[in-house]
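The structure under discussion appears below in the form of structure tokens.
The values are calculated or read from the model by the stated rules, or taken from the named source; none is laboratory data. Predicted model, so just to flag it, every value in this text is computed and none were measured. Cβ: placed from backbone, ideal geometry, glycine included. Neighbour counts: every protein chain shown. When the accessible area is computed, the model is the full protein with side chains, heavy atoms only, and any ligands, DNA or RNA have been set aside. Shrake-Rupley method; radii C 1.70, N 1.55, O 1.52, S 1.80 Å.
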Amino acid sequence: MSSADTLQEVESLREQLDAWNHQYYVLDQPSVPDAEYDRAMQRLLSLEEQHPECQTNDSPSQRVGGQALEQFTQVAHEVPMLSLENAFDQSDMLAFNRRVLERLEQSDIELEFACEPKLDGIAVSLLYNNGCLERAATRGDGATGEDITHNVRTIHAIPLRLRGDGVPAVLEVRGEIYMPREGFEALNRAAREQGGRPFVNPRNAAAGSLRQLDPRVTASRPLDMCCYSVGRVEGGELPERHADVLERLRSWGLKVNPESVVVRGIGACDDYYQQMAERRDRLAYDIDGIVFKVNKLELQARLGFVSRAPRWAVARKFPAQEELTAVLDVEFQVGRTGAITPVARLEPVFVGGVTVSNATLHNGDEIERLGLCIGDTVIVRRAGDVIPQVASVVLDRRPPNARAVTFPIRCPVCDSKLEREDGEAVWRCVGGLVCAAQQKAAIKHYVSRRAMDVDGLGDKLVEQLVDEGLVENVAGLYTLSREVLQGLERMGEKSADNILQAVEASKRTALSRFIFALGIREVGEATARSLALHFGSWEALVSASEDQLLDVDDVGPVVADHVRQFFDSLSSMDVVAQLRSAGVSWPDVEKARSSMQPLSGQTWVVTGKLEQLSRTEAKAHLLAIGAKVAGSVSAKTDCIVAGPGAGSKLIKAQELGVKIIDETALLAVFASHGILL
Ligand code: IVH
């Protein structure tokens, strides 16, 4: 191959990889399978290795390059990186609006405000020279920061070179690097499993990941970035409004928060704030408030700055997601699989929008890692729908009468032995189905909405049924009679009949639900679905060897082992036989399989709150039937599923005339393709 041909192939591979990267990380619209991406990357790497003269710093192959640093160097910010004034309620916002109008010598006009989620991460500056990422720096004290270019280059949402037209010769972009919650939870889970120290919150995790001297560590961390302003610009023009500037950044391949909107008047700012406050828990990342900015740049220039904050912007804060409180006691709960989980009983505290009085401590190792004693003051964190966590202990506030936590040596419920498998952090009660706690937890799981969905059989009732010896395992539910139920406290004829009806109705189910309901260790909903889809029938699944199980998507050796153990256990299979002879049945999965990709070629968007299933699940089902699921609405969107609280995406879909359906219609779509939820 001539060197011109090589260069051409190298350049076209780079363009292709940049485009895929942009679609995946910036637009949230994956366009090719990973294998295809990997092949192109391997080809590029091998060409660059054979032809070192073709290597460039902005090649997508160069995200993790070079050696670990000895130390960070200092960077002076030519345009200082400012902070923001805070507002805590609408009256602070009205005062802000009044100050702005007075300075502009206006009385009651309604100004345009750009409204943006205030991401809780680390502020950074990215310097692009002729479109190539040249330097990245932390904010530091606003005047001087640290050079973190080597680490920032590993973040896929940050382009190494800008795309599109009109890129200025020098462009300094500012924004927030953050760690989405899912990635943070996964990182902490891994740290706990490996005996490491978990991070307190996603912001600390992001900061810690950027403070690495070795970029390979940063590359392994799930970081993301959204841009929110521009510092230096030379040799190029920018639009006259802030929101249009952000749109321009987006057109150059930079990621901008899709939740941002422009409104008119301070009243509309409040509407946006309330809407986001309601949606905050369901976002994929932590936000600690909303930033409101006067949209017209000319007005921003007239307003100027006071000390270190602009007069044209304000951050209205949300209730804190971390608070201090006291640990009153530590109790030990026994889970469905016998796992012993220590739980901190707390002095009730309002955090992340709810009152929290319990927090999980995960396992004994975590108590040691935290160095927690009963009586300690701790930082409690609650974000999203994640269960409240004890993030750290405030040692300075330890009272003299603080007591050490003693981990039990026998099951606190059935007094059986506790055992711990090699390399595991969790102790388990060996009592199995003899242990009342495990019986209760197994039945609660079986009847839960996502499993067999037995309406009306709440936790209290399950506890009563087990405590009174009326039901020992899930099969026992199908032997309940009206007389037995009516014998229970506060149970009328009508309620008893309703429960019997719900138990009866649960007999007609889907194979995937049944597999999930059995509570096999490590088999969550997604795995249950994969197993059902792969094997098509219960008989095929039960007779599958460990190797055959390993052929299933997302089944690894651990899951395969647990599944086989379950099927090899006589007592488990006896319960299954009782369930089936009671009439529990499901339609053939083959039908679902034959029409597996009916939505291929379509792009769907899911927004707002869903009641019956989480957004992640809705997306997983859509992907399973062939749809592409995008994060933002465009003319190419085929359908948007909008739940309550849907905001800018719904408005855009209406403007573009995109088909809009609600959750009920989505479930009907799933049902028509054999996905019964
Ligand atoms: S604008 C001159 N916009 O909040 C304006 N800041 O408390 C400077 N932040 O240091 C910042 N999201 O790290 C702006 N959409 C957003 C933001 C945002 C998060 C952070 C930023 C800044 C801090 C100020």
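Values computed for the structure shown
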| item | result |
| --- | --- |
| The chain - charge dipole about Cα centre, Lys and Arg +1 at Cβ, Asp and Glu -1, debye rounded to 20 | 900 |
| Subset of 628/652; 444/619; 255/293; 118/619 violating a 21 Å alpha-carbon distance limit | 444/619; 118/619 |
| Gyration tensor verdict on region 158-269 (Cα atoms; rounded if a/c is under 1.5, prolate if a/b is larger than b/c, oblate otherwise) | oblate |
| Three-way shape label, region 521-590, alpha-carbon gyration tensor, a/c 1.5 | oblate |
| Full-extension gain in nm, residue 654 to residue 95, via 0.36 nm per residue minus C-alpha separation | 197.8 nm |
| Where GluC sites (Glu not before Pro) fall in DSSP loop in region 485-521, at most 14 other Cβ within 10 Å | 489 |
| Solvent-accessible surface (1.4 angstrom probe) belonging to residue 463, in square angstrom, nearest 10 | 60 |
| Pair residue 404, residue 463: separation of 7 Å Cα→Cβ label points (nm) | 3.2 |
| The chain, accessible surface, carbon-and-sulfur percent (1.4 angstrom probe) | 49 |
| Accessible area in square angstrom per residue, region 273-345, 1.4 angstrom probe | 39 |
| For region 14-169: accessible area per residue (Å², 1.4 Å) | 51 |
| Estimated FRET transfer efficiency (residue 107, residue 232; beta-carbon r; R0 35 Å; 0.05) | 0.45 |
| Label-point separation, residue 449 to residue 134 (7 Å along Cα→Cβ), nm | 5.4 |
| Separation of the residue 46 and residue 217 label points, Cα + 7 Å toward Cβ, nm | 3.4 |
| Calculated FRET efficiency for the pair residue 564/residue 146, C-beta based, R₀ 51 Å, to 0.05 | 0.50 |
| Unmatched cysteines, the chain - criterion: no other Cβ of a Cys under 4.7 angstrom | 54, 115, 132, 226, 227, 269, 373, 639 |
| About the Cα centre, charge dipole magnitude for region 434-565 (Lys/Arg +1, Asp/Glu -1 at Cβ), debye | 320 |
| Residues of region 563-677: accessible area per residue with a 1.4 Å probe, Å² | 49 |
| J(HN,Hα) series, region 353-366, from Karplus relation 6.51 cos²θ - 1.76 cosθ + 1.60, nearest Hz, glycine and proline x | x, 9, 8, 10, 10, 9, 9, 6, 10, 6, 7, x, 4, 5 |
| Relative contact order computed over the chain (Cα-Cα under 8 Å; 6+ residues apart), in percent | 10 |
| Dipole of region 155-275, positive direction: furthest Cα of 252, 198, 177, with charges on the beta-carbon | 198 |
| Length-normalised contact order of region 489-567 in % [C-alpha pairs under 8 Å, at least 6 apart] | 27 |
| Sites matching GluC sites (Glu not before Pro) across region 211-256 that sit in DSSP coil, with at most 15 neighbouring C-beta atoms within 10 Å | 237, 240 |
